[in-house]
Amino acid sequence: MESMRDIDRAMEREIAKGSCPLKFVGIEFGDSPYQEIASKEKLLEVLSYLLRTGDYGKFAVNGTGSNVYMNIRGRKPDFQRTYSIFDRNCIFSAISHYGKKIKPDFDGHTYLETVQCFFKLPDGEQEKYRVTYYGQETFVFPMSDKYILGLYTHCISARRAASADMDIPGTGFSEKEQGIVSLAGVRDVLFQCLLFDTVKYGEGVLCADLCTIYCLK
């Protein structure tokens with residue numbers, strides 16, 4: 001497995017080739033990061049929203065191609081960008097099939113976690129990537145697959161580190177939520193994605209959501 005130093009070096013090479021120099025800053029859990037998924041129907045609805053498919057296809061925007069999605073290839077998870085509704089529908093089918101294997105328990109044991117990931121552009125660079133899409137202001141970041149997967153790796157590395165670094169009993173989370181934060185109560189990860197198409201900007205940083213569906217022990 002590549003070290004973070006190797007990943008950072010690869011990302012610097014991608015910047016030299018023209019990738020947007022977006023830098024990872026850190027993560028926050030926010031006030032309400034957890035949502036229980038209490039039925040199979042709700043699970044499919046959440047997957048449809050995150051993947052911008054079905055009734056939620058209208059949420060697909062110009063930046064959706066920058067989202068990073070978990071897919072299942074063989075028996076192992078893989079992480080990738082998508083370039084069309086066809087790609088996202090294929091992931092929806094793969095994750096739905098994967099769910100049949102790991103059998104999520106909808107009696108209080110399946111949760112969606114949304115963690116805020118913060119990024120920063122060099123001073124004076126923000127306006128270069130701000131666009132208006134169908135009347136709405138958003139950001140588009142030209143990044144190679146290798147660069148954006150490097151950002152995703154930073155996000156999940158920070159999420160894992162948070163399980164050891166946080167004062168979890170002092171967070172105000174319920175006992176079950178504390179088990180998710182620490183990852184001690186997690187049995188499987190059903191799905192994960194990093195959403196750049198709903199990025200928010202404020203106070204000099206950009207915020208994107210890292211969303212994970214956990215199956216608990």
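Pull out all pairs, ordered by first then second residue, where Cβ-Cβ is under 6 Å, the residues are six or more apart or on different chains, the first lies in region 123-145 and is more than 17 Å from Gly18 (Cα to Cα) and without any contact (Cβ under 8 Å) to a residue 40 or more places away in the chain, and the second is surrounded by 11 or more Cβ atoms within 10 Å (Cβ to Cβ) and among the small types (Gly, Ala, Ser). Once the first residue is more than 17 Å from Gly18 (Cα to Cα) and without any contact (Cβ under 8 Å) to a residue 40 or more places away in the chain and sits in region 123-145, no partner that is surrounded by 11 or more Cβ atoms within 10 Å (Cβ to Cβ) and among the small types (Gly, Ala, Ser) comes close enough.
Which ones in region 155-176 are part of a helix (DSSP H, G or I) and either on the phi > 0 side of the Ramachandran plot or among the basic types (Lys, Arg) (or both)?
Looking only at region 155-176, we keep the residues that are part of a helix (DSSP H, G or I), and these are 155-165, 168-170, 175-176.
Arg159, Arg160, Lys176, listed by residue number.
The set of residues from region 172-217 being farther than 24 Å from Gly150 by Cβ and basic (Lys, Arg) comprises Lys176, Arg187, Lys217. Only residues that are among the charged types (D, E, K, R) and surrounded by 15 or more Cβ atoms within 10 Å (Cβ to Cβ): list them for region 73-90, please. If the condition is that a residue be among the charged types (D, E, K, R) and surrounded by 15 or more Cβ atoms within 10 Å (Cβ to Cβ), then Arg81, Asp87, Arg88 are the ones that fit.
Does Gly179 satisfy being part of a helix (DSSP H, G or I), modelled with pLDDT of 85 or more and in contact with an Asp or Glu (Cβ under 8 Å, 6 or more places away or on another chain)?
Working: part of a helix (DSSP H, G or I): yes; modelled with pLDDT of 85 or more: yes; in contact with an Asp or Glu (Cβ under 8 Å, 6 or more places away or on another chain): no.
Against the criterion (part of a helix (DSSP H, G or I), modelled with pLDDT of 85 or more and in contact with an Asp or Glu (Cβ under 8 Å, 6 or more places away or on another chain)), Gly179 does not qualify.
Scoring Ser174 on the criteria (1) among the hydroxyl-bearing types (Ser, Thr, Tyr); (2) in contact (Cβ under 8 Å) with a residue 12 or more places away in the chain; (3) out of contact with any Ser or Thr (no Cβ under 9 Å at 6 or more places or on another chain) leaves a single failure, condition (2). Taken together, the residues in region 54-80 that are outside any helix (DSSP H, G or I) and closer than 22 Å to Glu137 by Cα amount to 4.
No other residue among Tyr134, Tyr147 is among the aromatic types (Phe, Trp, Tyr) and modelled with pLDDT of 95 or more apart from Tyr147. When the residues of region 7-37 are filtered to those that are β-branched (Val, Ile, Thr) and in contact with a Ser or Thr (Cβ under 8 Å, 6 or more places away or on another chain), the one that is modelled with the highest pLDDT is Ile37. Are any of the residues in region 91-106 β-branched (Val, Ile, Thr) and surrounded by fewer than 16 Cβ atoms within 10 Å (Cβ to Cβ)? Yes - at least one qualifying residue is present in region 91-106. Taken over region 182-217, the criterion of being part of a loop (DSSP other than H, G, I, E, B) and either among the hydroxyl-bearing types (Ser, Thr, Tyr) or free of Cβ contacts under 8 Å to residues at least 40 places away in the same chain (or both) is satisfied by Ser182, Leu183, Ala184, Gly185, Glu203.
Can you tell me which residue is surrounded by the fewest Cβ atoms within 10 Å (Cβ to Cβ) among those in region 57-72 that are touching a helix residue (DSSP H, G or I) at 6+ places or on another chain (Cβ under 9 Å) and within 12 Å of Ile85 (Cβ to Cβ)? Taking the candidates together, the pick is Gly57. Summed over region 24-53, residues that are of a type outside the set (A, V, I, L, M, F, W, C) and assigned to a loop (DSSP other than H, G, I, E, B) total 7.
The values are calculated or read from the model by the stated rules, or taken from the named source; none is laboratory data. It should be emphasised that the depicted structure is a prediction, and the values quoted were computed from it without experimental measurement. Note: ideal-geometry Cβ built from the backbone for every residue, glycine included; neighbour counts use all protein chains shown.
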